[in-house]
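Everything on this sheet refers to the single structure shown next.
The values are calculated or read from the model by the stated rules, or taken from the named source; none is laboratory data. These figures come from a predicted structure and were not determined experimentally. Here the Cβ is made from the backbone with ideal geometry for all residues, glycine too, and neighbour counts use every protein chain on show.
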Amino acid sequence: MEGDSVSLNSDLTEMLDDDQILWRFGDENTLIAAIDVLADSMTVYDDVPDGRFRDRLKLDDQTGSLTITNTTTEHTGDYKLQMSSVIKSFSLTVYARLPVPVIISNSSHCSSSSSNCSLVCSSVLNVCDATLSWYAGISVLSSISVCDLSISLSLPLEVEYQDKNTYSCVLNNPISNQTTHLDINTLCHTCAEVHCCGSTEAVIRLVVSAVVGVATVILLVYDIRSTRGGD
C-alpha cells in the first residue's frame, strides 16, 4: 500500500569478504544501490532515475537487502539484485490508498408512475488497478473498472422504493477496499411522501390563517363595543 515500507531480501545471512552487490530498477536497469565489501563501501543512488527514490532507500550492511520506505505508486516496477554470478528478480506493485465511494440520487424528480429509485455510485481515482461494484448483500450486481485517468468511475443502480435488501457500493483493488452502504430511506423518496409533506404544510398554513382571522374579528368587535361605550 502507498506509504508503507517494503524490503527486497537478498536471502543472505551475511556477506562474504569479496561480495559485490548491485541493485537495479526498471527496464533501463538503472543502478540505485551498491555494496562493495572488499572496498568497505555502501552507496545509494537515490536521485536516479528521476528522484523518486530520494531519501527512501536503505541498505542492510549485513545481508545486502534493500528497503524502500514511504512507497508511492512510482515505485512499482521490476528490481534486480546482482551478486557475483547470481541475479535475483523482484516485481513490485504499490497500490494507491482508495477513497470512499459516494452514493447520490440520480432522480431529479419523483414520478408516481415509477416504483424505482435511480442511484449512482462514483469515485474519483488516479490509478487503474481498482474496481467499483454494487452489491446486494454479498452478491455482485454490477461492476466497472476503467483505466482512464481523465474520468471518474461511476455505476448506476435502480432499486424499488420499498426494497428491503441491503445494498452497498464497494471500491477495491487486490489488497484493500472501501465500502459505502446505501440508506434507501435517506436517498429515495416516493411521490406519496412528497405530496404528504406538501399537504401537511398547506394544512398548517390554513390553520394559521384561520387563527389570525378569528383574532382580527375579535379585536374588531372589541373596538366597536369600546367606541359605543364611550359615546
Return the residues of the stretch 74-106 that are touching a residue at least 24 places away in the same chain (Cβ under 8 Å), touching a Ser or Thr at 6+ places or on another chain (Cβ under 9 Å) and polar (S, T, N, Q); say none if nothing qualifies. Thr93, Ser105, Asn106
Looking at Ser105, Ser65, Ser5, Ser41 in this structure, which one is of a type in the set (Ser, Thr, Tyr) and within 30 Å of Val159 (Cβ to Cβ)? Ser105
So which residues in the stretch 72-107 are outside any strand (DSSP E or B), farther than 21 Å from Asp55 by Cα and small (Gly, Ala, Ser)? Ser84, Ser85, Ser107
Residue check: is Cys110 part of a loop (DSSP other than H, G, I, E, B), at pLDDT below 95 and in contact with a Cys (Cβ under 6 Å, 6 or more places away or on another chain)? yes
Going through the stretch 30-51 in order, the residues found to be within 34 Å of the chain's Cα centre (by Cα) and either buried (at least 18 other Cβ atoms within 10 Å of the Cβ) or under 19 Å from Val86 (Cβ atoms) (or both) are Ile32
